[in-house]
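Each remark here refers to the structure printed beneath this line.
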Amino acid sequence: MTYVPSPDRYSQHGYRRCGRSGLDLPPVSLGLWHNFGGTDVYETGRAVVRRAFDRGVTHFDLANNYGPPYGSAEENFGRMLATDLRAHRNELVISSKAGWDMWPGPYGVGGSRKYLISSLDDSLRRMGLDYVDIFYSHRLDTSTPLEETMGALDHVVRQGKALYVGISSYSPEMTRKAAAILHELGTPLLIHQPSYSMVNRWIEDELLATLDGLGAGCIAFSPLAQGLLTNKYLGGIPADSRVAKDSSFSRDLLNDELLGRVRALNEIAAQRGQSLAQMAIAWVLRDRRVTSALIGARSVKQLDDSLDAANTLGFDDSELAEIDRHAVEGGIDLWRGSATSAAP
């Protein structure tokens with residue numbers, strides 16, 4: 001049957017302005033990092049994407065190497081666009097990225113002009129698009145001059161292959177330098193995508209203030225700490241979890257103290273009438289400088305639970321103080337090494 005989106009999709013939640021731009025994003029965006037690749041069940045991912053759009057999610061975030069295998073998430077999303085969402089392309093914000101490894105050899109990784117532009121061309125082909133709304137430098141490449149990386153971002157905007165550009169996991173210092181280069185070229189820095197959660201609070205030290213000063217938005221990825229801030233680990237390590245599979249979340253990162261803090265946070269969430277995941281997302285969105293929280297979902301039920309976080313976003317001072325007792329750095333920032341200084 002032909003997919004017809006819900007006519008009420010824009011009446012459920014408010015949207016947030018992305019920095020000092022004209023672009024609004026939903027408070028919760030859907031990322032296709034996991035669960036949408038060639039090894040996953042296509043119809044399950046398709047159902048999640050449809051449900052997300054029905055509930056007002058207009059932003060779908062991808063990258064060249066999302067899968068597995070690499071590229072397969074973009075290929076699958078391209079199929080979903082063709083069958084379900086093509087008529088609604090102007091209602092969507094679609095992003096992609098390049099920076100991490102994608103293909104063999106010296107030109108398939110990093111921040112070079114050759115890699116970024118070639119990668120975007122491939123991403124557009126896989127998704128069947130003429131342009132993406134946002135194209136990111138997925139990480140800082142310390143072996144490539146920052147001027148070259150930012151010059152490539154400016155170039156794809158001038159080509160009409162991206163409407164906006166962003167960066168991901170850059171330090172405050174390198175964010176300021178990147179924004180200055182882009183400003184000089186005439187293409188503003190729209191958005192930064194850092195990891196941020198109750199157990200990974202590095203952006204509070206300086207990055208949020210930096211972005212606010214620059215007029216750039218912030219979209220926080222991994223607000224659920226790759227599933228840690230859900231009910232998944234409250235009773236141990238499930239066999240089907242990322243930790244058990246030792247994929248993107250190592251068992252070595254978990255310890256009794258961290259799990260004890262997660263259980264305490266779960267109790268606070270229960271007192272608020274929320275699941276732990278809902279509170280974790282709402283907590284990330286408590287700061288007006290955070291434009292959107294970027295979540296993943298392996299099922300429609302899991303998606304709905306996360307999106308329902310937007311129903312209760314407010315916190316009183318006593319709740320925030322209690323959360324702060326347990327929401328401390330957990331040593332799970334896997335991307336910290338990519339946010340340091342750039343090449344000279």
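Among the numbered criteria (1) outside any helix (DSSP H, G or I); (2) closer than 27 Å to G217 by Cα; (3) open to solvent by 50 Å² or more (accessible area, probe 1.4 Å); (4) touching a helix residue (DSSP H, G or I) at 6+ places or on another chain (Cβ under 7 Å), which single criterion is violated by Y107?
With respect to (1) outside any helix (DSSP H, G or I); (2) closer than 27 Å to G217 by Cα; (3) open to solvent by 50 Å² or more (accessible area, probe 1.4 Å); (4) touching a helix residue (DSSP H, G or I) at 6+ places or on another chain (Cβ under 7 Å), Y107 is out only on (2).
On the given criteria, is D287 open to solvent by 40 Å² or more (accessible area, probe 1.4 Å) and at pLDDT 95 or above?
No.
Which condition number does G99 fail, the rest of (1) under 18 Å from S72 (Cα atoms); (2) open to solvent by 30 Å² or more (accessible area, probe 1.4 Å) being met?
Exception for G99: condition (2).
Does the stretch 1-17 hold any residues that are open to solvent by 90 Å² or more (accessible area, probe 1.4 Å) and outside any loop (DSSP other than H, G, I, E, B), and which are they?
R17 - this is the single residue of the stretch 1-17 that is open to solvent by 90 Å² or more (accessible area, probe 1.4 Å) and outside any loop (DSSP other than H, G, I, E, B).
If you scan the stretch 21-71, which residues turn out to be closer than 16 Å to D133 by Cα and among the hydroxyl-bearing types (S, T, Y)?
Matches in the stretch 21-71: S21, S29, T58.
Can you give me the number of residues within the stretch 127-139 that are buried (at least 24 other Cβ atoms within 10 Å of the Cβ), part of a loop (DSSP other than H, G, I, E, B) and out of contact with any Lys or Arg (no Cβ under 6 Å at 6 or more places or on another chain)?
So the count comes out to 0.
Tally time: how many residues in the stretch 40-67 are open to solvent by 10 Å² or more (accessible area, probe 1.4 Å), farther than 24 Å from D121 by Cα and either free of Cβ contacts under 8 Å to residues at least 12 places away in the same chain or in a loop (DSSP other than H, G, I, E, B) (or both)?
Counting residues in the stretch 40-67 that are open to solvent by 10 Å² or more (accessible area, probe 1.4 Å), farther than 24 Å from D121 by Cα and either free of Cβ contacts under 8 Å to residues at least 12 places away in the same chain or in a loop (DSSP other than H, G, I, E, B) (or both) gives 4.
Name the single residue that is farthest from the chain's Cα centre (by Cα) among those in the stretch 114-126 being among the hydrophobic types (A, V, I, L, M, F, W, C) and surrounded by fewer than 23 Cβ atoms within 10 Å (Cβ to Cβ).
I117
Which one of these does A82 not meet: (1) assigned to a helix (DSSP H, G or I); (2) open to solvent by less than 10 Å² (accessible area, probe 1.4 Å); (3) aliphatic (A, V, I, L, M)?
(2)
Look through S171, S96, S143, S197 and report the one residue that is closer than 18 Å to Y70 by Cα and either of a type outside the set (A, V, I, L, M) or in contact with a His (Cβ under 9 Å, 6 or more places away or on another chain) (or both).
Exactly one residue qualifies, and that residue is S96.
The values are calculated or read from the model by the stated rules, or taken from the named source; none is laboratory data. The structure displayed is predicted, hence computed values, not measured ones. All Cβ positions, even for glycine, are placed from backbone atoms using ideal geometry, and neighbour counts span all protein chains on display. These accessible areas exclude ligands, DNA and RNA; they are computed on the full protein's heavy atoms, side chains included. Shrake-Rupley method; radii C 1.70, N 1.55, O 1.52, S 1.80 Å.
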